[in-house]
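Quick notes on the structure that follows.
All of the numbers you see were taken from the coordinates with simple rules; none came from a lab. In this text the structure is predicted, and so the values were computed from the model without any measurement. Cβ placement follows ideal geometry from the backbone for every residue including glycine, while neighbour counts extend to all protein chains displayed.
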Amino acid sequence: MTADDSFGRLDDDDFPAYTMGRAADMLGTTQSFLRAIGEARLITPLRSAGGHRRYSRYQLRIAARARELVDQGMPIEAACRIVILEDQLQEAQRINAEHRRSSGSANPPAAA
């Protein structure tokens with residue numbers, strides 16, 4: 001990989017650029033919190049050649065949302081489930097909007 005290839009990945013939300021320690025610092029949380037949301041299957045960090053966890057910016061946004069809910073007093077398992085459902089809803093809405101654009105219809109048909 002050349003330096004040019006590496007710089008191209010700086011804008012990639014899915015590139016696992018952050019170590020566990022750096023991710024925890026950025027989120028203002030602990031490494032054990034990141035492990036816990038991994039065990040809850042909210043995020044699955046990629047592993048470096050040495051086996052160290054690496055996180056992407058997308059994963060950090062998901063972890064930050066879970067942390068917000070936990071900070072509000074929600075159990076971690078419930079927070080993770082809510083974040084998963086929010087993410088699925090957002091993706092479904094994106095797909096629906098894409099289908100509407102491709103079909104040329106800005107408004108869905110009215111229900112009878």
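Miscellaneous remarks
- Theoretical gain in end-to-end length, residue 95 to residue 12 [0.36 nm per residue, Cα-Cα removed]: 27.8 nm
- Nitroxide proxy distance, nm - points 7 Å out along Cα→Cβ at residue 71 and residue 84: 2.4 nm
- Positive contributions from Lys and Arg (+1) and negative ones from Asp and Glu (-1), summed over other residues with Cβ under 12 Å from the Cβ of residue 20, come out at +4.
- Euclidean distance of C-alpha centroids, the range 83-105 and the range 65-80, integer Å: 25 Å
- Taking the average, over residues, of other Cβ atoms within 10 Å as the packing measure, peptides 71-83, 55-67 rank 55-67, 71-83 from highest down.
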